[in-house]
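Student: Structure below; questions to follow.
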Amino acid sequence: MRECDFLIIGAGIAGASVGYFLSKKHSVVLLEREEQPGYHTTGRSVAVYTEAYGPRVIRALAIAGGPFFQNPPKGFTEVPLCHQHGLLFVAREDQKKTLYDELAAVQLLSPNIHEIAVDEAVRGVPVLRRDYLAACFLDPNTLSLDVNAIHQGYLRGLKSAGGQVVTTAEAQSFERHNGKWRVRTPAGEFAAPVIVNAAGAWADVVAERIGARRIGLVPKRRTVIAFAPPAGTDTAHWPVVIDAEDKWYFKADAGTILGSPGDETPSPPTDAQPEEIDVAITVERLERATTMPVQRIIRKWAGLRSFVADRVPVIGYDPTVEGYFWLAGQGGYGIETSAGLARSAAGLAAGDGLPDDIRKLDVAERDLAPERLWDSPDHGC
């Protein structure tokens with residue numbers, strides 16, 4: 001029986017990051033059901049850091065964590081965690097209201113995000129069809145993130161602080177005795193006063209095993225393809241380009257173009273695989289908005305992005321189950337928010353509350369707590 005202060009279920013980006021911050025003052029064990037951490041969503045992410053995407057709470061958590069990626073703690077990594085990329089939101093004539101509404105919302109937290117002329121957008125990304133575009137805005141401070149370096153940095157830091165990562169250790173059963181949880185896994189038994197549910201798409205499955213109420217988590221499949229850019233095209237300085245309604249995006253990446261149809265197909269928690277119809281939709285949408293022919297797909301994959309009804313992460317102690325802490329529902333924002341979100345989760349789990357810098361961004365515990373979903377008539381649980 002191995003014991004610790006916090007037993008974290010899941011060693012993807014959520015579990016690894018909160019474990020990193022908790023391990024500075026507490027003993028931590030991460031239990032990972034797969035043979036390696038980050039096999040599912042984390043390892044399949046096309047991650048960028050932007051202050052222009054998602055609900056307000058998401059953008060605030062991203063802002064709070066941005067300095068971590070640009071200036072990580074000493075020893076966290078031997079390679080840069082990010083580099084400047086830029087993000088261009090584009091709209092057809094019928095999408096202009098959507099784009100301008102989004103621009104007004106994001107400028108409340110990030111006033112440097114601004115509209116640019118369509119001609120300027122086409123000069124910067126020459127494959128965009130001029131007759132397709134009606135309006136654009138730019139986040140000049142968007143960063144491309146090195147997912148593996150970030151994830152491994154969290155795991156390495158946790159281990160150097162004395163934490164443990166145990167793989168092939170699916171949490172199969174939970175029992176609580178004398179103020180501690182006992183968890184049985186194929187890798188042995190573990191005990192801790194606090195369980196942190198960071199199981200990604202499987203978070204509601206874990207909740208049922210614990211005996212907690214579900215939060216209505218819905219894993220949604222997202223498809224990505226990789227293909228070659230047009231011959232002789234310099235893509236080094238292209239921003240990420242995303243549709244105003246999130247119906248497609250593309251990103252220049254290491255000599256290839258990554259593209260997605262922005263799909264959100266509900267799925268059970270599983271090893272997600274791309275569907276041919278979604279690949280075909282990706283090609284059709286990209287070829288309609290750009291002059292890039294998608295002649296040969298180099299790679300294709302899919303991952304699960306898990307959401308609750310309001311698309312804001314669920315972070316906090318369950319009010320009905322002693323010693324049970326939620327860290328779930330990061331959606332498609334898990335990497336970029338990991339530093340801010342994990343500091344928040346670590347503070348709440350340890351009883352210290354939200355960090356001051358996050359409170360100053362007008363994020364409250366209630367915005368993240370699981371009971372907000374159960375109190376809402378459209379929670380979907």
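Student: Between residues in segment 136-148 that are under 20 Å from Gly12 (Cβ atoms) and residues that are open to solvent by less than 20 Å² (accessible area, probe 1.4 Å) and of a type in the set (A, V, I, L, M), which pairs lie under 6 Å by C-beta distance while being six or more apart or on different chains?
Tutor: Partner pairs satisfying both residue conditions: Leu145/Ala47; Leu145/Ile335; Asp146/Leu81; Val147/Ala47; Val147/Ile335.
Student: Does Asp131 fit the bill of being more than 17 Å from Ala14 (Cβ to Cβ), among the charged types (D, E, K, R) and without any contact (Cβ under 8 Å) to a residue 24 or more places away in the chain? Full working, then the answer.
Tutor: Values: more than 17 Å from Ala14 (Cβ to Cβ): yes; among the charged types (D, E, K, R): yes; without any contact (Cβ under 8 Å) to a residue 24 or more places away in the chain: yes.
Criteria met by Asp131.
Student: In segment 94-107, what count of residues is obtained for those that are under 22 Å from Ala60 (Cβ atoms) and in contact (Cβ under 8 Å) with a residue 12 or more places away in the chain?
Tutor: So the first thing to find is which residues in segment 94-107 are under 22 Å from Ala60 (Cβ atoms), and the list is 98-107.
Next, only the ones that are in contact (Cβ under 8 Å) with a residue 12 or more places away in the chain stay: 98-100, 102-103, 105-106.
The qualifying residues number 7.
Student: For segment 175-189, which residues satisfy the criterion of being assigned to a strand (DSSP E or B), open to solvent by 20 Å² or more (accessible area, probe 1.4 Å) and at negative phi?
Tutor: Just the residues of segment 175-189 that are assigned to a strand (DSSP E or B), to begin with: 175-177, 180-185, 188-189.
Retained after the next criterion (residues that are open to solvent by 20 Å² or more (accessible area, probe 1.4 Å)): 175-177, 180, 182, 184, 188-189.
Hits for segment 175-189 are Glu175, Arg176, His177, Lys180, Arg182, Arg184, Glu189.
Student: So which of Gly259, Gly232 is at positive phi and over 17 Å from the mean Cα position of the chain (by Cα)? So that I can check it myself, show each step before the final result.
Tutor: Working: Gly259 fails: at positive phi.
Of the residues listed, the single one that is at positive phi and over 17 Å from the mean Cα position of the chain (by Cα) is Gly232.
Student: While we're looking at this one, here's another question. Return the only residue of Gly54, Gly75, Gly66 being within 22 Å of Ala252 (Cα to Cα) and outside any helix (DSSP H, G or I). Before the answer, list the steps.
Tutor: Working: Gly75 fails: within 22 Å of Ala252 (Cα to Cα); Gly66 fails: outside any helix (DSSP H, G or I).
Testing whether each residue is within 22 Å of Ala252 (Cα to Cα) and outside any helix (DSSP H, G or I) leaves just Gly54.
Student: Follow-up. Restricting to segment 68-93, name every residue that is open to solvent by 10 Å² or more (accessible area, probe 1.4 Å) and either without any contact (Cβ under 8 Å) to a residue 12 or more places away in the chain or among the aliphatic types (A, V, I, L, M) (or both).
Tutor: If the condition is that a residue be open to solvent by 10 Å² or more (accessible area, probe 1.4 Å) and either without any contact (Cβ under 8 Å) to a residue 12 or more places away in the chain or among the aliphatic types (A, V, I, L, M) (or both), then Asn71, Lys74, Glu78, Val79 are the ones that fit.
Student: So is Glu32 without any contact (Cβ under 8 Å) to a residue 12 or more places away in the chain and either open to solvent by less than 10 Å² (accessible area, probe 1.4 Å) or out of contact with any Phe, Trp or Tyr (no Cβ under 8 Å at 6 or more places or on another chain) (or both) or not? Full working, then the answer.
Tutor: Values: without any contact (Cβ under 8 Å) to a residue 12 or more places away in the chain: no; either open to solvent by less than 10 Å² (accessible area, probe 1.4 Å) or out of contact with any Phe, Trp or Tyr (no Cβ under 8 Å at 6 or more places or on another chain) (or both): yes.
So Glu32 fails the test.
Student: Something else now. Identify the single condition in (1) in contact (Cβ under 8 Å) with a residue 60 or more places away in the chain; (2) under 18 Å from the mean Cα position of the chain (by Cα) that Arg59 does not satisfy, given that it satisfies every other one.
Tutor: Evaluating Arg59 over (1) in contact (Cβ under 8 Å) with a residue 60 or more places away in the chain; (2) under 18 Å from the mean Cα position of the chain (by Cα) leaves (1) as the failure.
Student: Could I ask something else about it? Can you pull out every residue in segment 94-128 that is assigned to a strand (DSSP E or B) and open to solvent by 30 Å² or more (accessible area, probe 1.4 Å)? Please lay out each step first, then the result.
Tutor: Looking only at segment 94-128, we keep the residues that are assigned to a strand (DSSP E or B), and these are 114-116, 128.
Listed by number, the residues that qualify are His114, Glu115.
Student: Is it the case that some residue within segment 266-276 is assigned to a strand (DSSP E or B) and open to solvent by 60 Å² or more (accessible area, probe 1.4 Å)? Give the derivation first.
Tutor: Let us first name the residues in segment 266-276 that are assigned to a strand (DSSP E or B), namely 266.
The next check asks that each one be open to solvent by 60 Å² or more (accessible area, probe 1.4 Å); those that pass are 266.
The answer is yes, given that some residue of segment 266-276 is assigned to a strand (DSSP E or B) and open to solvent by 60 Å² or more (accessible area, probe 1.4 Å).
Student: Kindly check whether there is at least one residue in segment 331-343 that is closer than 16 Å to Asp204 by Cβ and either over 15 Å from the mean Cα position of the chain (by Cα) or not charged (D, E, K, R) (or both). Spell out how you get there, then give the answer.
Tutor: Pass one, segment 331-343, residues closer than 16 Å to Asp204 by Cβ: 331.
Next cut, either over 15 Å from the mean Cα position of the chain (by Cα) or not charged (D, E, K, R) (or both) only: 331.
Looking for residues that are closer than 16 Å to Asp204 by Cβ and either over 15 Å from the mean Cα position of the chain (by Cα) or not charged (D, E, K, R) (or both), one finds at least one in segment 331-343, hence yes.
Student: Would you pick out the residues in segment 129-167 that are among the hydrophobic types (A, V, I, L, M, F, W, C), surrounded by fewer than 18 Cβ atoms within 10 Å (Cβ to Cβ) and in a strand (DSSP E or B)?
Tutor: Val166
Student: Right, here's the next one. Which one of these is open to solvent by less than 10 Å² (accessible area, probe 1.4 Å) and closer than 23 Å to Phe325 by Cα: Ala11, Ala64? Full working, then the answer.
Tutor: Working: Ala64 fails: open to solvent by less than 10 Å² (accessible area, probe 1.4 Å).
Going through Ala11, Ala64 in turn, just one is open to solvent by less than 10 Å² (accessible area, probe 1.4 Å) and closer than 23 Å to Phe325 by Cα: Ala11.
Student: For segment 28-47, check the following and say yes or no: at least one residue is outside any loop (DSSP other than H, G, I, E, B), closer than 20 Å to Ala64 by Cα and modelled with pLDDT under 95.
Tutor: So the first thing to find is which residues in segment 28-47 are outside any loop (DSSP other than H, G, I, E, B), and the list is 28-31, 42-44.
Next, from what is left, pick out any that are closer than 20 Å to Ala64 by Cα: none.
No: segment 28-47 contains no residue that is outside any loop (DSSP other than H, G, I, E, B), closer than 20 Å to Ala64 by Cα and modelled with pLDDT under 95.
The values are calculated or read from the model by the stated rules, or taken from the named source; none is laboratory data. Since this is a predicted model, take the numbers as computed values, not measurements. Using ideal geometry, Cβ is built from the backbone for each residue, glycine included, and neighbour counts are taken over all protein chains shown. We work out accessible area using only protein heavy atoms, side chains counted, and drop any ligands, DNA or RNA first. Shrake-Rupley method; radii C 1.70, N 1.55, O 1.52, S 1.80 Å.
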